1. Check the straight Cα-Cα distances from B:Lys7 and name the lysines below 16 Å, setting aside those fewer than 8 residues away within the same chain.
2. How large is ³J(HN,Hα), in whole Hz, for each residue of the range A:28-33 in order, when computed from phi with the Karplus curve 6.51 cos²θ - 1.76 cosθ + 1.60 and θ = phi - 60°, using x for Gly and Pro?
3. Can you give the helix-only mean residue ellipticity at 222 nm for the protein assembly as shown, where every DSSP H stretch with n ≥ 4 adds -39500 (n - 2.57) and the sum goes over all residues, rounded to the nearest 500 deg cm²/dmol?
4. Among the aspartates and glutamates, which have Cα under 16 Å from the Cα of B:Lys203 when same-chain residues fewer than 8 positions away are ignored?
5. Once phi is turned into θ = phi - 60°, what whole-Hz ³J(HN,Hα) does the Karplus curve with 6.51, -1.76 and 1.60 give for every residue of the range A:69-76, x standing for Gly and Pro?
6. Which residues' amide hydrogens lie under 5 Å from the amide hydrogen of A:Lys195, considering only partners 5 or more residues apart or on another chain, with H built in the peptide plane?
7. For B:Val12, what residues show an amide H to amide H distance below 5 Å, using hydrogens built from the backbone and excluding near sequence neighbours?
8. Tell me the net charge near A:Phe39. Cut-off is 11 Å between Cβ atoms, A:Phe39 excluded, with +1 for each Lys or Arg and -1 for each Asp or Glu.
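Coordinate-derived values only; no laboratory data. Worth saying up front: this structure is predicted, and the values here are computed from it rather than measured. Glycine also receives a Cβ, built like all others from the backbone with ideal geometry; neighbour counts cover every protein chain displayed.
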Number of protein chains: 2
Amino acid sequence: MPHIMNKKKAVVLLSGGLDSATVLYHAKAQGYKIYALSFDYGQRHKRELRFAEKLVRINKAESHILKIVFPWKGSSLIDRNIKLPDGQVARKEIPGTYVPARNIIFLSFAASYAETIRASKIFIGVNQIDYSNYPDCRKNFLNAFANAIKKGTKIGVSGKAVSIEAPLVGMKKKDIIIKAFKIGVPFEYTWSCYKGGNRPCGKCDSCLIREKGFKEAGIKDPLNVK
Amino acid sequence: MPHIMNKKKAVVLLSGGLDSATVLYHAKAQGYKIYALSFDYGQRHKRELRFAEKLVRINKAESHILKIVFPWKGSSLIDRNIKLPDGQVARKEIPGTYVPARNIIFLSFAASYAETIRASKIFIGVNQIDYSNYPDCRKNFLNAFANAIKKGTKIGVSGKAVSIEAPLVGMKKKDIIIKAFKIGVPFEYTWSCYKGGNRPCGKCDSCLIREKGFKEAGIKDPLNVK
């Protein structure tokens, strides 16, 4: 299919959550051929990967799910012996759900993937407005990381650096949801809850931020059964 | 053992090669408790990991070997369908043994490990003098990456960033070997050859660079049977 060969390529970090799904649809709307990259890293909410796979199938995207074993744990998101903290929608501190260097690792693999397939962009659904205050979700980190991959890859030193696109980084959750609605993101195939049970717990950071966003956007969340 | 609890900690990226072994002994000589990190990433020369394990045992270090599966290949070092290029000791181009973003990925895991155990330093045995011209072995990349982990980790944004130490980066192979000899690196437990056969091939970049280094240092390489 030579017409596909000519399409510009993008690697999309796809967790299966609302933000990364929105970014996938955003990149697709911009005309990119999508190469989705997901991680099975021992997260409590591994259920999100089923949603990632569903989104990949719907969009006929290329994809990989990489398995990572963190032997050193250190986060309540990957260690079931540490209690999940109670949820908050606007944190001042970095909570126990923080996984050390998680997005640094994910972006490193995305850089390797992008360089190998000659994709010009990596899309990531981070957001630093309505979020859990994770440092690896902030714009100044992304800029620093983009500079590191420019310096440390063959494609980067040749002058054709892979750029990192974070279209949601400065948006409120409400506005992300409105954008997602407009570009046709199927909310029923996005998973946010950290607990990863059959239904969203409604109590963790991720559930609270999502609930507030839908409420403010005036859109019904198909996953919210309350 | 409370005296060990108080020792300053360092994560050492340990391939099992000559340079990373030298860096391990260097960090130990500086008084660090060693947390070695090695990767089983589908390299042809997986044999190096046996040497890494041996060095860990001799030094009673903590250690992890992480398994990484690169589904996208793209390098003759991890894809046996691509021929290894003929060896050279001073390359102008980046050869086919380059693995996209390899050290970026390794350093990302090292950052995660260091942050979790509260190590203040990551040691890496890269060298940009007698090397294969890989961009992720150069000082300006390491500086850029150190800045990224400062911005993107909890410990970094708290002001206690993990630093990256590359004590060999500006040294000639000859001088690395002389240094290694002085600090007691057991050369017989270091593996360099990319082919990973029973004996070093004597023809790949890595063998040629090692051979030249030992010759110029006037030291006998116990692995060289020629």
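1. Filter leaves B:Lys28, B:Lys33, B:Lys60, B:Lys121.
2. 5, 5, 7, x, 7, 7
3. Details: 16 runs with 168 residues, N = 452.
The per-residue figure over the protein assembly as shown is -11000 deg cm²/dmol.
4. Within the straight-line cut-off, B:Lys203 pairs with B:Asp86, B:Asp130, B:Glu211, B:Asp221.
5. 10, 8, x, 9, 6, x, 8, 6
6. Sorted by chain and number, the residues that satisfy this are A:Cys201.
7. Those qualifying (amide H under 5 Å, at least 5 residues apart or on another chain) are B:Tyr35, B:Ala36, B:Leu37, B:Phe123.
8. Values: positive: A:Lys46, A:Lys67, A:Arg102; negative: A:Asp40, A:Glu48.
For residues surrounding A:Phe39, the net value is +1.
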